[in-house]
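Okay, so here's the structure we're looking at.
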Amino acid sequence: MVRGKPWCLGQHERVLSRASGAVTPETDRQAAVSDREMALARIAAPGLLLLLVLPGGAWPSLGPPRRPCVQCCPPAWPPAAPGPYARRSDGERWVQPPRMRPTIDVSILKGEKGETGVRGPSGRSGKEGPPGSRGLRGRKGQKGQAGLPGAACRRAYAAFSVGRREGLHSTDGLRAVPFDTELVNLDGAFDLASGRFLCAVPGVYFLSLNVHTWNYKETYLHIMCNREATAVLYAQPSERSVMQTQSLLLPLAAGDAVWVRLFHRDRDNAIYGEPGDLYITFSGHLVKPAAEL
């Protein structure tokens, strides 16, 4: 519909006008132009509606296809500074391109090697790692030179053995047994008059006491170390006299004194002896010095 009148009604009016002779050539020409405008309007109407429906971003793609831009010559160096805006593609607005930064080859500008700096302080020691595997056995080394001769090995000795030929009766509460016969006395360590052995070589000693009992009398003796009784030799009264013995191992320090004590109680205490025979003996020797213990 054009100018408020359908196209078919317009054609019908022109036919009637020609039949009546009221149509001139000028009016006929104007009518032809009006018909062409109406035909073009009918053709363009669907396209206009399509343009109104489509979004704005789809309009540039409605044109004929364009060939892609291909660079035919190398870019200039250094590149020209881009303007504030650059065109991305045809049909789009101009936007600012990314800024290009030139790269410099540092190896070309590298100078000579400088001097070594001052050594810094040592850091803390790290934790000890696990032990490694055992390495291969090395070669046998050469034989060394003989050393200087050492001092002769000096072994310590200590021993004594003494006896008493006369018998002895107890008259006091405590009495040291003196001896009158010297069998062995190394370095004179045993004093017969006092009946004491003075230790000069510390170590472990073996001590032994032998006596002969007296008929119908008690026999009671102590083996003493300094003022301490370490062992007892005892025999009850009997019709027959017998031999009694006591022995022990005793550690002695330098300066210790070993002796035999006769002990007096309610009964008479005695040991038997004869001038011609040796019934009473007291012996001792060093088993192992303290330096070897």
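The values are calculated or read from the model by the stated rules, or taken from the named source; none is laboratory data. These numbers were taken from a predicted model, which means no experiment stands behind them. All Cβ positions, glycine included, derive from the backbone under ideal geometry; neighbour counts span all protein chains shown. When the accessible area is computed, the model is the full protein with side chains, heavy atoms only, and any ligands, DNA or RNA have been set aside. Shrake-Rupley method; radii C 1.70, N 1.55, O 1.52, S 1.80 Å.
Side notes on the structure shown:
- Efficiency of FRET from Cβ geometry, VAL232 and PHE206, R₀ 22 Å, rounded to 0.05: 0.80
- The packing ranking of peptides 160-170, 247-257, highest mean first, is 160-170, 247-257, where packing means the average number of other beta carbon atoms within 10 angstrom of each residue.
- Of all accessible heavy-atom area on region 200-289, the percent that carbon and sulfur account for (1.4 Å): 50 percent
- Were the residues from LEU183 through ASP35 laid out at 0.36 nm apart, the gain over their Cα-Cα distance would be 36.0 nm.
- Residue order for ASP268, ASP187 - accessible surface, 1.4 angstrom probe, largest first: ASP187, ASP268
- The distance between label points at LYS143 and ARG119 comes to 4.3 nm (points 7 Å beyond Cα on the Cα→Cβ vector).
- Taking all protein chains into account, the per residue accessible area for region 138-193 stands at 78 Å² (1.4 Å probe).
- Ranking MET243, MET224, MET100 by solvent-accessible area of protein heavy atoms (1.4 Å probe, all protein chains present), from largest to smallest, gives MET100, MET243, MET224.
- Where the Cα pairs of region 222-293 fall when distances are cut into 10 Å bins, in %: 13, 42, 30, 12, 3
- Using the 1.4 Å probe convention, the accessible area of region 206-277 works out to 53 Å² per residue with neighbouring protein chains retained.
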